[in-house]
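The structure appears below as structure tokens.
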Amino acid sequence: MNSGELWSKVKDIPLHTQQHGSELSMSHRTSRKNSMLTAPYRWCLMLGACVSLTLGFIGVVVPGMPTTVFVLIAAWLAARSSPSLALWLDNHKVTGPIIHHWRNGRCMPRSAKYAATAGMSLSAVIMAVTATPVWVMAGTDIMMLCVLIWLWRLPEPELPDGKV
């Protein structure tokens, strides 16, 4: 038996069955998969999502602290630990669009790119005028430059009228 024949037999085996022997629907499989995680592991993921979300909201007001990255990490962790938190993040007026654009094409709005550029630039200026060690300033500036290059290479979501 070759690997193709083996795979065709394996893929037809139901993943989970109820007591009656019938297959569960895909939504039940997904929720069953999440429920198969141990409670401490789910709680750790949920705690990580809350911490990441808190850091993201702090990043809104603290220059140089990213918002988008922490929101995306929180969404990823919440999707694996708490469907209600994931739904709240998806429907939130601030976090929802960020998550939606990322999931649908790994896009970043131009306004977010400008905000990240301004925040990182302000951080670089603050480090330059304070008593920051040169090696810390150089390392941080190089890292911020790499992030900005990556960020500005990301596509921008299309506007409803078809423009970018």
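The values are calculated or read from the model by the stated rules, or taken from the named source; none is laboratory data. Keep in mind that what you see is a predicted model, and the values were worked out from it rather than measured. Heads up, the Cβs are rebuilt from the backbone with ideal geometry, glycines too, and the neighbour counts pull from every protein chain shown. These accessible areas exclude ligands, DNA and RNA; they are computed on the full protein's heavy atoms, side chains included. Shrake-Rupley method; radii C 1.70, N 1.55, O 1.52, S 1.80 Å.
Out of segment 49-76, which residues are in contact with a Ser or Thr (Cβ under 8 Å, 6 or more places away or on another chain) and either crowded, with 17+ Cβ neighbours inside 10 Å or in a helix (DSSP H, G or I) (or both)?
Matches in segment 49-76: 49, 53, 56, 57, 59, 60, 70, 71, 73, 74, 75.
So in segment 148-164, with the set limited to residues that are open to solvent by 50 Å² or more (accessible area, probe 1.4 Å) and at pLDDT below 90, which one is nearest to residue 105 (Cα to Cα)?
158
Can you tell me how many residues within segment 77-133 are of a type outside the set (A, V, I, L, M), exposed (fewer than 12 other Cβ atoms within 10 Å of the Cβ) and more than 20 Å from the chain's Cα centre (by Cα)?
2
From 111, 123, grab the single residue that is among the small types (Gly, Ala, Ser), touching a residue at least 60 places away in the same chain (Cβ under 8 Å) and in a helix (DSSP H, G or I).
Criteria check complete, one pass: 123.
Those residues that are open to solvent by less than 50 Å² (accessible area, probe 1.4 Å), at pLDDT 90 or above and not small (Gly, Ala, Ser), I need them from segment 31-48; list them, please.
45, 46
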